[in-house]
Amino acid sequence: MTKNFMFRFYECRLTVEEAAELCFKSVITVKKWDKGQPILKECRRLMRMIKGRELHYSDKWSQFEMIGDKLKIPTGRTVTPNEILIGIALIESEIEIEMKTSSYLLKTARKIADYTN
């Protein structure tokens, strides 16, 4: 077993036929990859992306991975789309509360300043 075979079969979980169709290559070409012939970088990236093993080519996403219908984050935890949306909503609602609180405190501080002058 070559590294290319391990990559295609175990890491990306693609059959020879699926990899060939995905990369617009022949089954014979994919079998050559399995025997050790280099896989084109574009095909390797496409294989990773289609199975959610790579979300984007930038380093910012290198620690993130799709596993089924969940996102695996750098801490090792997997999260659902709903959990992500709830998290964002909580952050946004907290910002609103902080803005209201800050606004109230500024108004109060100005009144105190006016009173003491």
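Odds and ends about this structure:
- Enumeration of residues in the stretch 69-110 that are loosely packed, with under 10 Cβ neighbours inside 10 Å and touching a residue at least 12 places away in the same chain (Cβ under 8 Å): 69
- Failed item, numbered, when residue 60 is tested on (1) in a strand (DSSP E or B); (2) without any contact (Cβ under 8 Å) to a residue 12 or more places away in the chain: (1)
- Output for the stretch 1-17, where each listed residue is under 13 Å from residue 31 (Cβ atoms) and part of a helix (DSSP H, G or I): 4, 5, 8, 9, 16, 17
- Test: residue in the stretch 34-43 that is of a type outside the set (Phe, Trp, Tyr), touching a Cys at 6+ places or on another chain (Cβ under 8 Å) and surrounded by 12 or more Cβ atoms within 10 Å (Cβ to Cβ): yes
- Among residues of the stretch 67-107, those that are part of a helix (DSSP H, G or I) and not basic (Lys, Arg), counted: 25
- The one condition in (1) of a type outside the set (Val, Ile, Thr); (2) in contact (Cβ under 8 Å) with a residue 40 or more places away in the chain; (3) assigned to a loop (DSSP other than H, G, I, E, B) that residue 38 fails to fulfil: (2)
Every number in this text was worked out from the coordinates using simple rules, so none of it is lab data. Note that the structure is a prediction, hence the values are computed from the model and not measured. All Cβ positions, even for glycine, are placed from backbone atoms using ideal geometry, and neighbour counts span all protein chains on display.
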